[in-house]
Amino acid sequence: MNTRKGFVRVNSRLPARTENSGKSKSCFVYILQCSDGTYYTGYTPDLERRVARHNNGRGAKYTRGRVPVKLVYARKYASVPQALREERRIKGLTRGQKERLLVNRRRREQVKK
């Protein structure tokens, strides 16, 4: 007999379920340049709010001692899983590869203007 029937595990790192839980939600992948020149990569559904939290010292532990941070890259994805895959890919890049990504992104934006 399973005594744990109906047990619901709560994970504080996961967002609370909402009415839109089954629907795809857009999400941003971003790169911040910290005050010491290092880069931090993350993902969020609300970019402005997340950058503000980093600058208020309430973001990731890594950025808390490296404020102010500057947003140097952001790209919107149609779903959270897509954003997570891209975040993981970017986190696996070397510093030089990340800098090339930033330069190439700036060039593409200049061409569009």
Checked the stretch 39-66 for anything touching a Cys at 6+ places or on another chain (Cβ under 6 Å) and closer than 11 Å to Phe28 by Cβ; matches are Tyr43, Pro45
Looking across the stretch 67-111 at residues that are charged (D, E, K, R) and touching a Phe, Trp or Tyr at 6+ places or on another chain (Cβ under 8 Å), the single one that is farthest from Val29 (Cα to Cα) is Arg95
Residue check for Gln110: polar (S, T, N, Q), more than 16 Å from Ser35 (Cα to Cα) and in contact (Cβ under 8 Å) with a residue 12 or more places away in the chain = no
If we keep only residues of the stretch 76-98 that are in contact (Cβ under 8 Å) with a residue 24 or more places away in the chain and surrounded by fewer than 15 Cβ atoms within 10 Å (Cβ to Cβ), then the residue nearest to Tyr40 (Cα to Cα) is Lys91
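Quick note: the coordinates plus some simple rules give every number you see, no bench work behind them. Since the structure is predicted, the reported quantities are computational estimates derived from the model, not experimental observations. When we count neighbours, we look across all protein chains shown, and the Cβ atoms used for this are built from the backbone with ideal geometry, even at glycine.
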